[in-house]
Each structure stands twice: as C-alpha cells, then as structure tokens.
Amino acid sequence: MWHKTFGDRLAAWNQLRNQSLAQPLDQALFIINAWWFDTPWIPYHLHWDERGNWPDPWQLLEDNIYCPLARGLGILYTVAIINHPDIESAVLTEVGGDNLVLINKKKYILNWDRDEIVNINLGLQNPRHSVDLEQIQQQIK
C-alpha cells in the first residue's frame, strides 16, 4: 500500500535508500524498482520536452503523481542519491514509448516490469530522449 502523507512517503523513501545501499547490486535494484512500482499510476504527468521543469526528488514525492516517466525519474533519483559502489552508470531513456532506467551500460533495466529487473540485452537502439546519472546528480544538489 502506498503512503498517504508526504512525511510518510519521505520516511519510506529514506528507508528504501538505506536498505538498498546495504544490499548487493542486483538485490538493491530489485528493491528500488519494486518500491517505485507501488506508486499510484496515471498515464501522463511529466514530459521529456519539459525536462527543465521536472520536479526534484522531494517535490516528486510531495506531488504524488506518477506516470511511467515520473516513476523512472524516481528510480534514477534513488540510484543517484544512494551512490551504490557497484553502479558505474545509469541512464533514464525513452525507447519505443517506454521510459527505462539502464544501469551499468544496459546490464540491468528497471521500470520495465514490477517483479523483475531485466538483465538481458533487449536490443535497445536509438533512444528518443535520455538523461544520465551525472546530469541528475547536478539537478539534485
């Protein structure tokens, strides 16, 4: 069940980050992915063309509106903040209408399915939009 108040969501997100950092990478990514899939879903909220107006992680939790792009952004924010030692790269990218989070050069793909992180090459080519870990880290400072 999703957390009703901003304070509860903030506390749960803090717990998620602490729990994820203490896990091996594959388990940490599974936990992060599943947590963000529990958010209340709507079809449209954020858009790639309005990237300059995207909420920071705390505003995202306060707004409590999660389209697939917002969920992917939340996943990337979480990955950026925990700074797990086994994460070499992370990118939020739009491919074929999906907003996927690619970890360690596509070894792990999040925001695809709630119950699994994909670790196979799906042949993802020519992303329409993308934002990488370094760009997101600059946005949340």
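Read-outs: derived from the displayed coordinates by stated rules, not from any lab. Keep in mind that what you see is a predicted model, and the values were worked out from it rather than measured. All Cβ positions, even for glycine, are placed from backbone atoms using ideal geometry, and neighbour counts span all protein chains on display.
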- Taking max minus min of the Cα coordinates of the chain on each principal axis, largest first, gives extents in Å of 40, 35, 29
- Query: In nanometres, what is the gap between the two model label sites at residue 104 and residue 88, each 7 Å from Cα along Cα-to-Cβ?
  - Reply: 0.8 nm
- Query: Short version: ³J(HN,Hα) in whole Hz for each residue of region 52-63, in order, from phi by Karplus 6.51 cos²θ - 1.76 cosθ + 1.60 (θ = phi - 60°), x for Gly and Pro, what are they?
  - Reply: x, 10, 5, x, 6, x, 6, 5, 4, 5, 5, 5
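So how strong a dipole does the chain carry about its Cα centre when Lys and Arg Cβ are +1 and Asp and Glu Cβ are -1, to the nearest 20 debye? If you can, show how the numbers build up before the last one.
Details: 11 positive and 17 negative charges, 18 e Å.
My answer is approximately 80 debye.
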- Query: Calculated from DSSP H runs of 4 or more alone, at -39500 (n - 2.57) each and per residue, what is the 222 nm mean residue ellipticity of the chain, nearest 500?
  - Reply: -12500 deg cm²/dmol
- Residue exposure sequence - 5, 39, 93 - by fewest surrounding Cβ within 10 Å: 5, 39, 93
- Task: Going by C-beta contacts inside 10 Å, put 115, 132 in order with the fewest on the left.
- Result: 115, 132
- Task: Report, by chain and number, residues whose modeled amide H sits under 5 Å from the one on residue 45, excluding near sequence neighbours (fewer than 5 apart, same chain).
- Result: 67
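Kindly rank 13-23, 70-80, 100-110 from highest to lowest mean number of other beta carbons found within 10 Å of each residue. Don't skip to the end; give the middle numbers.
On the way: 13-23: 15.2, 70-80: 24.4, 100-110: 21.5.
Those peptides, ordered most packed to least, come out 70-80, 100-110, 13-23.
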